[in-house]
Amino acid sequence: MASILILNGPNLNLLGTRQPEVYGATTLQDIEDMCEAHGRALGVGIVCKQSNHEGELIDAIHDAKGDHDGIVLNAGAYTHTSVALMDAISSVALPVIELHLSNIHAREEFRHKSFIAPVAIGQICGFGATGYRLAIEAMVDHIR
């Protein structure tokens, strides 16, 4: 069975209470439950992880090689700052889909630059929690 790592970065543990006007009222647990159920329906394993620490995200990307067939990454603010995450993705040779709840291109100028996009197979943004389902479906299509 194929396996996808859903990797969430800083502050996403606060979903549901953090800026609901931007990120919605759905909690991270709600998103993880939805991802796992959608994976079951598609016949793929889903593993969800979240960390506020850049090094832990890098370790999770490294550890994914050999355990997972692809990664859906919501790197949060690290999207716009982390060359290290970009390098980690390049190092593992796994397909990565960049994901954002909000439309980063309609927000502050500094959010328009992504260090993840050049090493990702695609980017999904602006669809809220539904974006995770879209990313899982896109990844399944890609790895099959």
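Couplings for region 100-113, taken from phi via the Karplus curve 6.51 cos²θ - 1.76 cosθ + 1.60 with θ = phi - 60°, read 9, 5, 9, 7, 4, 7, 9, 10, 4, 3, 5, 7, 6, 8 Hz in order; Gly and Pro are left as x.
Shape index of the chain: Rg/Rh, with Rg the Cα radius of gyration and Rh the Kirkwood radius from the inverse mean 1/r over Cα pairs, equals 0.93.
Local charge for residue 130 was computed over the other residues whose Cβ lies under 15 Å away, with Lys and Arg +1 and Asp and Glu -1, and equals -3.
Taking amide H positions as modeled 1.01 Å from N, with prolines and chain starts lacking one, the residues under 5 Å from residue 45 and 5 or more places away or on another chain are 2, 3, 4.
Under the criterion of Cα pairs below 8 Å and six or more residues apart, the relative contact order for the chain equals 27 percent. Inter-label distance, residue 36 to residue 105: 3.4 nm, where each label sits 7 Å from its Cα along the C-beta direction. With K and R counted +1 and D and E -1, the other residues having a Cβ less than 13 Å from that of residue 2 yield a net charge of -2. Return the single residue from 75, 41, 88 with maximal mean-square fluctuation; model: Gaussian network over the chain, springs between Cα atoms under 10 Å. So, out of 75, 41, 88, the one fluctuating most is 41. Using the Cβ-Cβ distance between residue 62 and residue 21 with R0 = 35 Å, the FRET efficiency computed as 1/(1 + (r/R0)^6) comes to roughly 0.50. Taking other residues whose beta carbon is less than 14 angstrom from the beta carbon of residue 36, and scoring Lys, Arg as +1 and Asp, Glu as -1, yields 0. Remark on residue 99: its backbone amide H falls under 5 Å from those of 73, 74, 75, 124, a criterion applied only to residues 5 or more positions apart or on other chains, H modelled at 1.01 Å from N.
Rounded to whole numbers, the Karplus 3J(HN,Hα) couplings from phi for region 81-88 are 9, 9, 5, 5, 5, 4, 5, 5 Hz, using 6.51 cos²θ - 1.76 cosθ + 1.60 with θ = phi - 60°, and x at Gly and Pro. Among the chymotrypsin sites (Phe, Trp or Tyr not before Pro) within region 62-144, those in coil by DSSP and having at most 16 neighbouring Cβ atoms inside 10 Å are 127. Of all beta bridges that DSSP places with both ends in the chain, some 0 percent have antiparallel geometry.
All of the numbers you see were taken from the coordinates with simple rules; none came from a lab. These numbers come from a predicted model, not from an experiment. All Cβ positions, glycine included, derive from the backbone under ideal geometry; neighbour counts span all protein chains shown.
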